[in-house]
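Just below is one structure, and these are the notes that go with it.
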Amino acid sequence: MRVILNKTFYYCKKDISVALHLTAQTQLSTQTPKSMSTIKNLIRPNIQKMTAYSSARSEFKGKAHIFLDANENPFDTDLNRYPDPLQWKVKEEIGKWKNIEVQSIFLGNGSDEVIDLLIRIFCEPREDAIMILPPTYGMYQVSAAISDVEVQEVLLTNDYQLDITAILEAVQPNTKLLFVCSPNNPTGNSFNLKAIEELVEGFEGIVVVDEAYIDFAGQASCVNLLKEYKNLVVTQTFSKAWGLAGIRLGMAFAAKEIIDVLNKVKPPYNVNQLTQNAALEALQNVERYEWERANILQQRNFLKEELMGFDFVKKVFPSDANFLLVRVKEAQELYDYLTSKGIIVRNRSKVVLCEGCLRFTVGTEEENLELLEALRIYTEN
Ligand code: PMP
């Protein structure tokens, strides 16, 4: 329990504007809304105060033909210059594709970088906390641990849904970020958009909706909620449906206030030139993305049907992603068997609410057929 003197409390709802002035000595119970609820006030004071590094490439904005400002090697290799620190061309293409203005887009070295930056921007080490909803993606916890930030957990329900009441009740005065992974890894399901909206509306910190798998989902992105809510960040990635995990390119969509601060704290050249080139090339070829996405979806259905036919499969969970969570009779034994056949899946059987589960990424048709053949041989032994 914390005692706060002479503080102005902002009550953060849709327009984040209603201020409650609490001037007497105020005791915050664990249920009390956080004191700092405008976006600005949620940012760590040192981040608010600091001046961003100004790189040579970001200082000069006009046209020139001789660049003697960045201590680069002048001999042209196509890569001898520093890349655009704000990746404007890539953002323009993404903006056109998603119908989002470039000022609302941030690009990171994978969406993992975005997760890490958000924790460093909003969470004071040893003071603030993030909230996660297990079973979920592991990097929220890892990034928080690196920053010495507390992790509060509220489990999903037994059928992997959001427990809105429990989540909002568990929020503490120090809870700055709430990570909602939808479609969720490793369960594969998306959360109802209305339920996510309730969290954005009810939580006074920042809700980060991780949509790494949204391209495979049957429902709309939370990007559509950004016009209404300033305390929302939506992350997506080129690592999944775009088939570009190797280039490390993640996206964040949010209000300009949040994008500005992400730009302020990121390493100046966090997205390298090769990555920017590869993304621009991929964005010129949306047909390839569409074809692969459709193929993976079709293979997901095929794999699901086939897996359900095996005796050792207890349940194939519904998936809005490019993987299937499967509860089997002997998870470790099956995992070891597949490994011995050179087929690696993810053993999630020790993860809370995923007891006895393996996670199968949807492969190519050939890979899936080989997996199914190996499983047939497994059942015969
Ligand atoms: N979010 C989720 C839910 C993921 O599963 C992953 C990667 N497996 C990421 C984010 C990280 O993606 P990126 O490759 O963009 O860092």
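Taking amide hydrogens as placed 1.01 Å from N in the peptide plane, the amide H of C181 sits under 5 Å from those of D210, each at least 5 positions away in sequence or on another chain.
Its relative contact order, with pairs defined as Cα atoms under 8 Å and 6+ residues apart, puts the chain at 16 percent. Amide H contacts for Q152 (H built 1.01 Å from N in the peptide plane; partners 5 or more residues away or on another chain; cut-off under 5 Å): I130, M131, I132. Electrostatic tally near V114: other residues with Cβ closer than 12 Å to its Cβ, Lys and Arg +1, Asp and Glu -1, net -2. For region 303-381, the alpha-carbon radius of gyration amounts to 0.99 times the rule-of-thumb value 2.2 N^0.38 Å expected for a compact globular protein. Evaluating 6.51 cos²θ - 1.76 cosθ + 1.60 at θ = phi - 60° for every residue in region 226-231, the Karplus couplings come out as 5, 5, 8, 10, 8, 9 Hz, glycine and proline recorded as x. Derived scalar couplings between HN and Hα for region 63-70 equal 9, 7, 10, 10, 10, 10, 10, 10 Hz in order, rounded to whole Hz, by the Karplus curve 6.51 cos²θ - 1.76 cosθ + 1.60 (θ = phi - 60°), x for Gly and Pro. Dipole magnitude for the chain: computed about the Cα centre from +1 point charges on Lys and Arg Cβ and -1 point charges on Asp and Glu Cβ, it is near 1160 debye.
Near the amide H of G110, within less than 5 Å, lie the amide hydrogens of L249, G250, all on another chain or at least 5 residues away, with H placed in the peptide plane. Loop-located trypsin sites (Lys or Arg not before Pro) across region 273-381 with a Cβ neighbour count of 12 or fewer within 10 Å are K329, K350, with loop assigned by DSSP.
Distance from the alpha carbon centroid of region 228-244 to that of region 255-298 works out to 9 angstrom. Report the local net charge at N301: Lys and Arg +1, Asp and Glu -1, summed over other residues whose C-beta lies under 14 Å from its C-beta. Cβ neighbours under 14 Å give a net charge of -1.
For every helix of n ≥ 4 consecutive DSSP H residues, a contribution of -39,500 (n - 2.57) applies; sum these over the chain, divide by its total residues, and give [θ] at 222 nm rounded to the nearest 500 deg cm²/dmol.
Working: 13 runs with 131 residues, N = 381.
Calculated at 222 nm, the ellipticity per residue is -10000 deg cm²/dmol.
Would you mind ranking K264, K176 by Cβ crowding within 10 Å, fewest neighbours first? Fewest to most other Cβ atoms nearby, the residues stand as K264, K176.
The base-10 log of I(q)/I(0) for the chain, evaluated at q = 0.08, 0.09, 0.11, 0.15 Å⁻¹, reads -0.48, -0.60, -0.86, -1.34 [Debye formula, identical scatterers on Cα atoms, solvent excluded].
Taking other C-beta atoms within 10 angstrom as a stand-in for reagent exposure, L307, L79 fall in the order L79, L307, fewest first.
Between W88 and A56, residue separation times 0.36 nm minus the direct Cα-Cα distance comes to 9.9 nm. Coupling constants for region 205-222 follow from the phi torsions by the Karplus curve (6.51 cos²θ - 1.76 cosθ + 1.60, θ = phi - 60°), and in residue order they are x, 9, 9, 9, 9, 8, 10, 4, 10, 4, 4, 9, 8, x, 10, 6, 7, 6 Hz; glycine and proline get x. For K329, the aspartates and glutamates whose Cα falls under 13 Å of its own Cα, not counting residues fewer than eight places away in the same chain, are D311, E355.
The Cβ shell under 14 Å around R346 holds other residues with a net charge of +3, Lys and Arg each +1, Asp and Glu each -1.
Bear in mind that the values in this text are calculations on the coordinates, not laboratory data. Treat the numbers as computed from the prediction; the structure is a model and nothing was measured. Neighbour counts are summed over all protein chains in view; Cβ atoms, including those assigned to glycine, are modelled from backbone coordinates with ideal geometry.
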